[in-house]
Number of protein chains: 2
Amino acid sequence: MELEHKRQEMEQALRRAGYRITGQRKAILDYLVSTLEHPGAYKIFEEVKKVQPRLSLATVYNTLHVLTENGLIKMLTLRDDNRYESNLCFHINLICTSCGKIQDFEAGTHTSPEDVREKIGFEVMGYRMEYHGLCSECKAGADQKGESG
Amino acid sequence: MELEHKRQEMEQALRRAGYRITGQRKAILDYLVSTLEHPGAYKIFEEVKKVQPRLSLATVYNTLHVLTENGLIKMLTLRDDNRYESNLCFHINLICTSCGKIQDFEAGTHTSPEDVREKIGFEVMGYRMEYHGLCSECKAGADQKGESG
DNA sequence: ATCTATGCAAACATTTTGCAGGCTG
DNA sequence: CAGCCTGCAAAATGTTTGCATAGAT
(Lines give C-alpha, C1' and ligand atoms only; values in the text may rest on other atoms or scores of the structure.)
Protein backbone atom coordinates (compact mmCIF):
# COMPACT_ATOMS: atom_id res chain seq x y z
CA MET A 1 0.00 0.00 0.00
CA GLU A 2 1.23 3.45 -0.92
CA LEU A 3 0.65 5.06 2.45
CA GLU A 4 2.28 2.20 4.28
CA HIS A 5 5.30 2.78 2.08
CA LYS A 6 5.36 6.46 2.86
CA ARG A 7 5.22 5.80 6.57
CA GLN A 8 8.06 3.33 6.33
CA GLU A 9 10.19 5.88 4.56
CA MET A 10 9.53 8.36 7.33
CA GLU A 11 10.49 5.75 9.91
CA GLN A 12 13.73 5.10 8.09
CA ALA A 13 14.48 8.80 8.00
CA LEU A 14 13.93 9.03 11.74
CA ARG A 15 16.07 6.00 12.37
CA ARG A 16 18.85 7.42 10.25
CA ALA A 17 18.64 10.64 12.21
CA GLY A 18 19.17 8.63 15.38
CA TYR A 19 15.62 8.54 16.72
CA ARG A 20 13.94 5.47 18.12
CA ILE A 21 10.80 4.11 16.57
CA THR A 22 8.27 3.65 19.32
CA GLY A 23 4.70 2.46 19.05
CA GLN A 24 3.49 5.99 19.68
CA ARG A 25 5.59 7.45 16.90
CA LYS A 26 4.51 4.75 14.51
CA ALA A 27 0.88 5.38 15.30
CA ILE A 28 1.27 9.13 14.89
CA LEU A 29 3.00 8.67 11.55
CA ASP A 30 0.28 6.27 10.46
CA TYR A 31 -2.38 8.80 11.22
CA LEU A 32 -0.55 11.71 9.63
CA VAL A 33 0.11 9.99 6.32
CA SER A 34 -3.40 8.57 6.12
CA THR A 35 -5.45 11.69 6.77
CA LEU A 36 -6.38 14.33 4.25
CA GLU A 37 -7.37 16.66 7.03
CA HIS A 38 -4.81 19.04 8.40
CA PRO A 39 -5.13 18.11 12.04
CA GLY A 40 -3.96 20.11 15.03
CA ALA A 41 -2.04 18.63 17.94
CA TYR A 42 -5.12 17.88 19.99
CA LYS A 43 -6.95 16.27 17.10
CA ILE A 44 -3.94 14.05 16.50
CA PHE A 45 -3.88 13.21 20.19
CA GLU A 46 -7.55 12.20 20.14
CA GLU A 47 -7.27 10.10 17.00
CA VAL A 48 -4.03 8.31 17.83
CA LYS A 49 -5.29 7.65 21.34
CA LYS A 50 -7.78 5.22 19.84
CA VAL A 51 -4.81 3.04 18.90
CA GLN A 52 -2.47 3.98 21.73
CA PRO A 53 -4.76 4.52 24.72
CA ARG A 54 -2.01 5.53 27.11
CA LEU A 55 -0.73 8.23 24.74
CA SER A 56 -0.12 11.63 26.29
CA LEU A 57 -0.41 15.02 24.67
CA ALA A 58 3.19 15.80 25.51
CA THR A 59 4.29 12.85 23.41
CA VAL A 60 2.27 14.17 20.50
CA TYR A 61 3.96 17.54 20.78
CA ASN A 62 7.35 15.92 21.15
CA THR A 63 6.82 13.78 18.06
CA LEU A 64 5.45 16.64 15.98
CA HIS A 65 8.48 18.65 16.95
CA VAL A 66 10.86 15.91 15.91
CA LEU A 67 9.06 15.38 12.62
CA THR A 68 8.99 19.08 11.82
CA GLU A 69 12.64 19.56 12.70
CA ASN A 70 13.55 16.72 10.36
CA GLY A 71 11.44 18.04 7.53
CA LEU A 72 9.10 15.06 7.49
CA ILE A 73 5.97 17.10 8.00
CA LYS A 74 5.06 20.75 7.74
CA MET A 75 3.34 22.98 10.20
CA LEU A 76 0.64 25.32 8.95
CA THR A 77 -0.08 28.03 11.41
CA LEU A 78 -3.54 29.44 11.21
CA ARG A 79 -4.91 32.29 13.21
CA ASP A 80 -5.87 30.22 16.20
CA ASP A 81 -4.17 26.89 15.97
CA ASN A 82 -1.31 25.02 14.47
CA ARG A 83 -2.03 22.31 11.95
CA TYR A 84 0.20 19.69 10.44
CA GLU A 85 0.42 18.07 7.03
CA SER A 86 2.54 15.27 5.63
CA ASN A 87 2.05 16.34 2.02
CA LEU A 88 5.40 17.86 1.12
CA CYS A 89 4.88 18.20 -2.64
CA PHE A 90 4.20 21.78 -3.63
CA HIS A 91 0.55 22.58 -3.43
CA ILE A 92 -1.76 25.42 -2.56
CA ASN A 93 -3.56 25.33 0.77
CA LEU A 94 -7.18 26.25 0.23
CA ILE A 95 -8.44 27.62 3.51
CA CYS A 96 -12.18 28.10 3.87
CA THR A 97 -12.90 31.26 5.82
CA SER A 98 -16.36 29.99 6.65
CA CYS A 99 -15.89 26.46 7.99
CA GLY A 100 -12.13 26.50 8.49
CA LYS A 101 -11.51 23.43 6.38
CA ILE A 102 -8.17 23.17 4.60
CA GLN A 103 -7.83 21.37 1.29
CA ASP A 104 -4.75 20.86 -0.80
CA PHE A 105 -4.67 21.78 -4.46
CA GLU A 106 -1.93 20.40 -6.64
CA ALA A 107 -0.54 23.40 -8.40
CA GLY A 108 1.16 23.79 -11.71
CA THR A 109 3.60 26.60 -12.33
CA HIS A 110 0.91 29.04 -13.32
CA THR A 111 -2.12 27.99 -11.34
CA SER A 112 -4.58 30.82 -10.87
CA PRO A 113 -7.65 31.40 -8.69
CA GLU A 114 -9.81 30.70 -11.73
CA ASP A 115 -8.33 27.22 -12.09
CA VAL A 116 -9.25 26.46 -8.52
CA ARG A 117 -12.81 27.64 -8.94
CA GLU A 118 -13.30 25.74 -12.17
CA LYS A 119 -11.81 22.49 -10.98
CA ILE A 120 -13.13 22.11 -7.46
CA GLY A 121 -15.53 24.98 -6.86
CA PHE A 122 -13.45 26.82 -4.28
CA GLU A 123 -14.12 30.55 -4.46
CA VAL A 124 -10.90 32.50 -3.88
CA MET A 125 -11.40 35.79 -2.01
CA GLY A 126 -7.82 36.54 -1.08
CA TYR A 127 -4.44 34.98 -1.01
CA ARG A 128 -1.11 35.03 0.69
CA MET A 129 2.29 34.10 -0.54
CA GLU A 130 5.25 33.41 1.67
CA TYR A 131 8.82 32.72 0.73
CA HIS A 132 10.91 31.11 3.43
CA GLY A 133 14.66 31.40 3.35
CA LEU A 134 17.62 33.54 4.31
CA CYS A 135 17.61 37.32 4.28
CA SER A 136 20.68 39.02 2.83
CA GLU A 137 22.27 39.60 6.26
CA CYS A 138 21.84 36.04 7.43
CA LYS A 139 23.02 34.72 4.08
CA ALA A 140 26.16 36.83 4.36
CA GLY A 141 26.79 35.39 7.81
CA ALA A 142 26.25 31.83 6.63
CA ASP A 143 28.54 32.35 3.63
CA GLN A 144 31.37 33.60 5.85
CA LYS A 145 31.15 30.53 8.06
CA GLY A 146 30.98 28.27 5.02
CA GLU A 147 34.04 29.82 3.37
CA SER A 148 36.23 29.65 6.44
CA GLY A 149 35.52 25.94 7.00
CA MET B 1 2.42 63.24 4.73
CA GLU B 2 1.52 59.95 3.11
CA LEU B 3 1.39 57.89 6.29
CA GLU B 4 -0.68 60.50 8.07
CA HIS B 5 -3.13 60.27 5.21
CA LYS B 6 -3.28 56.52 5.43
CA ARG B 7 -3.98 56.65 9.13
CA GLN B 8 -6.76 59.17 8.61
CA GLU B 9 -8.40 56.92 6.08
CA MET B 10 -8.31 54.08 8.54
CA GLU B 11 -9.87 56.31 11.19
CA GLN B 12 -12.63 57.23 8.80
CA ALA B 13 -13.28 53.59 8.03
CA LEU B 14 -13.57 52.82 11.72
CA ARG B 15 -15.87 55.77 12.29
CA ARG B 16 -18.09 54.69 9.43
CA ALA B 17 -18.25 51.22 10.93
CA GLY B 18 -19.50 52.78 14.16
CA TYR B 19 -16.33 52.62 16.25
CA ARG B 20 -15.06 55.43 18.42
CA ILE B 21 -11.68 56.97 17.79
CA THR B 22 -9.81 56.96 21.04
CA GLY B 23 -6.30 58.15 21.75
CA GLN B 24 -5.19 54.55 22.14
CA ARG B 25 -6.58 53.53 18.78
CA LYS B 26 -5.04 56.55 17.10
CA ALA B 27 -1.69 55.73 18.60
CA ILE B 28 -1.90 52.10 17.57
CA LEU B 29 -2.87 53.06 14.02
CA ASP B 30 -0.03 55.55 13.94
CA TYR B 31 2.44 52.90 14.89
CA LEU B 32 1.07 50.27 12.53
CA VAL B 33 1.13 52.46 9.45
CA SER B 34 4.58 53.83 10.23
CA THR B 35 6.48 50.62 10.87
CA LEU B 36 7.99 48.35 8.27
CA GLU B 37 8.39 45.62 10.84
CA HIS B 38 5.62 43.12 11.26
CA PRO B 39 5.08 43.51 14.96
CA GLY B 40 3.31 41.13 17.29
CA ALA B 41 0.77 42.21 19.88
CA TYR B 42 3.30 42.61 22.66
CA LYS B 43 5.71 44.58 20.51
CA ILE B 44 2.88 46.92 19.58
CA PHE B 45 2.00 47.22 23.25
CA GLU B 46 5.55 48.16 24.17
CA GLU B 47 5.96 50.69 21.38
CA VAL B 48 2.60 52.39 21.72
CA LYS B 49 3.00 52.53 25.47
CA LYS B 50 5.75 55.11 24.94
CA VAL B 51 3.02 57.45 23.68
CA GLN B 52 0.11 56.13 25.74
CA PRO B 53 1.69 55.14 29.05
CA ARG B 54 -1.52 53.85 30.59
CA LEU B 55 -2.19 51.55 27.64
CA SER B 56 -3.10 47.97 28.50
CA LEU B 57 -2.39 44.84 26.52
CA ALA B 58 -6.09 44.02 26.42
CA THR B 59 -6.70 47.25 24.56
CA VAL B 60 -4.07 46.33 22.02
CA TYR B 61 -5.74 42.98 21.44
CA ASN B 62 -9.14 44.58 21.25
CA THR B 63 -7.95 47.14 18.71
CA LEU B 64 -6.11 44.58 16.61
CA HIS B 65 -9.25 42.50 16.58
CA VAL B 66 -11.39 45.40 15.44
CA LEU B 67 -8.90 46.36 12.75
CA THR B 68 -8.59 42.81 11.46
CA GLU B 69 -12.34 42.25 11.44
CA ASN B 70 -12.76 45.38 9.40
CA GLY B 71 -10.05 44.48 6.94
CA LEU B 72 -7.81 47.40 7.86
CA ILE B 73 -4.83 45.25 8.76
CA LYS B 74 -3.83 41.66 8.19
CA MET B 75 -2.65 39.07 10.62
CA LEU B 76 0.29 36.89 9.70
CA THR B 77 0.51 33.86 11.83
CA LEU B 78 3.95 32.44 12.24
CA ARG B 79 4.87 29.32 14.07
CA ASP B 80 5.14 30.97 17.45
CA ASP B 81 3.42 34.30 17.33
CA ASN B 82 0.94 36.38 15.49
CA ARG B 83 2.14 39.42 13.60
CA TYR B 84 0.29 42.27 12.01
CA GLU B 85 0.79 44.35 8.90
CA SER B 86 -1.00 47.34 7.47
CA ASN B 87 0.29 46.80 3.96
CA LEU B 88 -2.76 45.50 2.13
CA CYS B 89 -1.43 45.66 -1.43
CA PHE B 90 -0.50 42.26 -2.71
CA HIS B 91 3.03 41.37 -1.84
CA ILE B 92 5.12 38.39 -0.89
CA ASN B 93 6.16 37.99 2.72
CA LEU B 94 9.83 37.09 2.87
CA ILE B 95 10.34 35.26 6.13
CA CYS B 96 13.91 34.66 7.23
CA THR B 97 14.21 31.25 8.84
CA SER B 98 17.39 32.30 10.57
CA CYS B 99 16.61 35.64 12.25
CA GLY B 100 12.83 35.60 11.90
CA LYS B 101 12.65 38.95 10.17
CA ILE B 102 9.80 39.52 7.75
CA GLN B 103 10.16 41.77 4.73
CA ASP B 104 7.61 42.62 2.10
CA PHE B 105 8.34 42.21 -1.57
CA GLU B 106 6.13 43.94 -4.11
CA ALA B 107 5.20 41.21 -6.50
CA GLY B 108 4.27 41.32 -10.14
CA THR B 109 2.06 38.68 -11.66
CA HIS B 110 4.95 36.36 -12.36
CA THR B 111 7.44 37.05 -9.63
CA SER B 112 9.78 34.13 -9.04
CA PRO B 113 12.28 33.20 -6.35
CA GLU B 114 15.05 34.26 -8.72
CA ASP B 115 13.65 37.79 -8.90
CA VAL B 116 13.77 38.03 -5.14
CA ARG B 117 17.34 36.84 -4.94
CA GLU B 118 18.50 39.16 -7.68
CA LYS B 119 16.76 42.26 -6.41
CA ILE B 120 17.27 42.11 -2.68
CA GLY B 121 19.51 39.15 -1.97
CA PHE B 122 16.93 37.01 -0.20
CA GLU B 123 17.66 33.32 -0.75
CA VAL B 124 14.41 31.38 -1.13
CA MET B 125 14.53 27.86 0.32
CA GLY B 126 10.84 27.07 0.36
CA TYR B 127 7.51 28.66 -0.09
CA ARG B 128 3.91 28.42 0.81
CA MET B 129 0.84 29.58 -1.01
CA GLU B 130 -2.54 30.00 0.57
CA TYR B 131 -5.83 30.86 -1.04
CA HIS B 132 -8.50 32.10 1.34
CA GLY B 133 -12.13 31.87 0.40
CA LEU B 134 -15.18 29.65 0.38
CA CYS B 135 -15.09 25.92 -0.16
CA SER B 136 -17.72 24.46 -2.46
CA GLU B 137 -20.02 23.40 0.41
CA CYS B 138 -19.95 26.77 2.14
CA LYS B 139 -20.40 28.54 -1.16
CA ALA B 140 -23.47 26.43 -1.87
CA GLY B 141 -24.87 27.33 1.54
CA ALA B 142 -24.22 31.02 1.02
CA ASP B 143 -25.83 30.93 -2.43
CA GLN B 144 -28.99 29.33 -1.07
CA LYS B 145 -29.39 32.02 1.57
CA GLY B 146 -28.68 34.72 -0.98
CA GLU B 147 -31.25 33.35 -3.44
CA SER B 148 -34.06 32.99 -0.91
CA GLY B 149 -33.59 36.57 0.43
C1' DA C 1 -26.12 62.03 28.69
C1' DT C 2 -25.30 57.65 26.57
C1' DC C 3 -22.99 53.85 25.77
C1' DT C 4 -18.53 52.16 23.95
C1' DA C 5 -13.73 51.49 25.16
C1' DT C 6 -10.40 51.24 28.74
C1' DG C 7 -7.37 49.24 32.50
C1' DC C 8 -6.63 45.81 35.56
C1' DA C 9 -6.33 41.15 37.02
C1' DA C 10 -8.07 36.81 36.87
C1' DA C 11 -9.45 33.13 33.66
C1' DC C 12 -8.32 30.37 29.68
C1' DA C 13 -6.25 27.49 26.14
C1' DT C 14 -2.26 25.77 24.27
C1' DT C 15 2.41 24.31 24.49
C1' DT C 16 6.56 23.15 27.22
C1' DT C 17 9.05 21.19 31.06
C1' DG C 18 10.77 17.93 34.91
C1' DC C 19 10.96 13.59 36.74
C1' DA C 20 10.59 8.46 37.52
C1' DG C 21 10.08 4.38 35.03
C1' DG C 22 9.41 1.64 30.52
C1' DC C 23 10.99 0.24 26.11
C1' DT C 24 13.99 0.39 21.87
C1' DG C 25 18.12 -0.84 19.86
C1' DC D 1 21.79 -3.10 29.42
C1' DA D 2 22.10 2.06 28.53
C1' DG D 3 19.80 5.86 27.40
C1' DC D 4 16.05 7.81 24.88
C1' DC D 5 11.09 8.22 25.14
C1' DT D 6 6.87 8.16 27.68
C1' DG D 7 3.08 9.67 30.83
C1' DC D 8 1.64 12.69 34.19
C1' DA D 9 0.99 17.06 36.16
C1' DA D 10 2.65 21.42 36.96
C1' DA D 11 4.65 25.59 34.72
C1' DA D 12 4.90 28.91 31.17
C1' DT D 13 3.10 31.60 27.47
C1' DG D 14 -0.19 34.17 24.82
C1' DT D 15 -4.93 35.69 24.49
C1' DT D 16 -9.58 36.62 26.27
C1' DT D 17 -12.96 38.02 29.69
C1' DG D 18 -15.59 40.66 33.50
C1' DC D 19 -16.32 44.72 35.81
C1' DA D 20 -16.25 49.54 37.27
C1' DT D 21 -15.03 53.88 35.33
C1' DA D 22 -13.25 57.26 31.83
C1' DG D 23 -14.16 59.30 27.67
C1' DA D 24 -15.98 59.89 22.61
C1' DT D 25 -19.92 61.46 20.21
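Evaluation of A:GLY146 against the conditions (1) in a loop (DSSP other than H, G, I, E, B); (2) at pLDDT below 90; (3) away from DNA strand D (no atom under 16 Å from the Cβ) shows that the sole unmet condition is (1). Within region A:21-44, the set of residues being more than 9 Å from DNA strand D (Cβ to nearest atom) and either in a loop (DSSP other than H, G, I, E, B) or more than 26 Å from A:PHE90 (Cα to Cα) (or both) comprises A:THR35, A:LEU36, A:GLU37, A:HIS38, A:PRO39. Scanning region B:95-104 for residues that are crowded, with 17+ Cβ neighbours inside 10 Å and in contact with a Cys (Cβ under 6 Å, 6 or more places away or on another chain) turns up at least one hit.
Can you tell me which residue is surrounded by the most Cβ atoms within 10 Å (Cβ to Cβ) among those in region B:65-94 that are of a type in the set (Val, Ile, Thr) and over 11 Å from the mean Cα position of the chain (by Cα)? Write out each step before concluding.
Going residue by residue through region B:65-94, those that are of a type in the set (Val, Ile, Thr) are B:66, B:68, B:73, B:77, B:92.
Then keep just the ones that are over 11 Å from the mean Cα position of the chain (by Cα); that gives B:66, B:92.
Working: B:VAL66: 16, B:ILE92: 22.
The extreme case among them is B:ILE92.
When you scan region A:20-32, do you find a residue that is away from DNA strand C (no atom under 12 Å from the Cβ), open to solvent by 30 Å² or more (accessible area, probe 1.4 Å), farther than 28 Å from B:THR111 by Cβ and at pLDDT 95 or above, even just one?
First pass over region A:20-32, keeping only residues away from DNA strand C (no atom under 12 Å from the Cβ): A:28-32.
Next, from what is left, pick out any that are open to solvent by 30 Å² or more (accessible area, probe 1.4 Å): A:30-31.
If we keep only those that are farther than 28 Å from B:THR111 by Cβ too, we end up with A:30-31.
Checking which are at pLDDT 95 or above leaves us with A:30-31.
Yes; the residues of region A:20-32 include at least one that is away from DNA strand C (no atom under 12 Å from the Cβ), open to solvent by 30 Å² or more (accessible area, probe 1.4 Å), farther than 28 Å from B:THR111 by Cβ and at pLDDT 95 or above.
Restricting the first member to region A:3-24 and to residues that are in the same structural domain as A:ALA41 (by TED's automatic domain parsing), and the second to residues that are part of a helix (DSSP H, G or I) and within 14 Å of DNA strand C (Cβ to nearest atom), the beta-carbon pairs closer than 6 Å and six or more apart or on different chains are A:ARG7/A:LEU29; A:MET10/A:LEU29; A:ILE21/A:GLU11; A:GLN24/A:THR59.
Could you list, in sequence order, all residues of region B:8-19 that are touching a helix residue (DSSP H, G or I) at 6+ places or on another chain (Cβ under 8 Å) and either within 12 Å of DNA strand C (Cβ to nearest atom) or at pLDDT below 95 (or both)? Walk me through it before giving the result.
Keep residues of region B:8-19 that are touching a helix residue (DSSP H, G or I) at 6+ places or on another chain (Cβ under 8 Å), which gives B:10-11, B:14, B:19.
Scanning region B:8-19 gives B:LEU14, B:TYR19.
Scan region B:84-91 and tell me whether some residue there is outside any helix (DSSP H, G or I) and within 11 Å of DNA strand C (Cβ to nearest atom). No, there is no match, as no residue in region B:84-91 is outside any helix (DSSP H, G or I) and within 11 Å of DNA strand C (Cβ to nearest atom). Pairs are defined by a Cβ separation below 9 Å, a sequence spacing of at least 6 or placement on different chains, a first member in region A:58-81 that is assigned to a strand (DSSP E or B), and a second member that is modelled with pLDDT under 95 and within 11 Å of DNA strand D (Cβ to nearest atom); the pairs so defined are A:THR77/B:THR77; A:THR77/B:LEU78; A:THR77/B:ASP80; A:THR77/B:ASN82. Please work out if B:ALA58 is over 30 Å from A:ALA140 (Cα atoms) and either within 16 Å of DNA strand C (Cβ to nearest atom) or in contact with a strand residue (DSSP E or B) (Cβ under 7 Å, 6 or more places away or on another chain) (or both). When the stated conditions are applied, B:ALA58 passes them.
Can you name the residue in region B:46-64 that is within 9 Å of DNA strand D (Cβ to nearest atom) and surrounded by 12 or more Cβ atoms within 10 Å (Cβ to Cβ) and is also farthest from the other protein chains (Cβ to nearest Cβ) among such residues?
Going through region B:46-64, the residues within 9 Å of DNA strand D (Cβ to nearest atom) turn out to be B:54, B:56-62, B:64.
If we keep only those that are surrounded by 12 or more Cβ atoms within 10 Å (Cβ to Cβ) as well, we get B:56-57, B:59-62, B:64.
Working: B:SER56: 22, B:LEU57: 18, B:THR59: 20, B:VAL60: 16, B:TYR61: 13, B:ASN62: 16, B:LEU64: 11 Å.
Only one residue fits best here, namely B:SER56.
If I filter region B:130-149 for residues that are farther than 22 Å from A:ILE92 by Cβ, among the polar types (S, T, N, Q), open to solvent by 80 Å² or more (accessible area, probe 1.4 Å) and not assigned by TED's automatic domain parsing to the domain that holds B:GLN52, do I get at least one hit? Yes, because at least one residue in region B:130-149 is farther than 22 Å from A:ILE92 by Cβ, among the polar types (S, T, N, Q), open to solvent by 80 Å² or more (accessible area, probe 1.4 Å) and not assigned by TED's automatic domain parsing to the domain that holds B:GLN52. Here's a check for you: in region A:65-106, which residue that is facing another protein chain (nearest Cβ under 7 Å) and hydrophobic (A, V, I, L, M, F, W, C) is nearest to DNA strand D (Cβ to nearest atom)? Only one residue tops the list, namely A:LEU78.
The values are calculated or read from the model by the stated rules, or taken from the named source; none is laboratory data. What you see is a predicted model; the values in this text were computed from it and never measured. Cβ: placed from backbone, ideal geometry, glycine included. Neighbour counts: every protein chain shown. Keep in mind that these areas ignore ligands, DNA and RNA; they rest on the heavy atoms of the full protein, side chains included. Shrake-Rupley method; radii C 1.70, N 1.55, O 1.52, S 1.80 Å.
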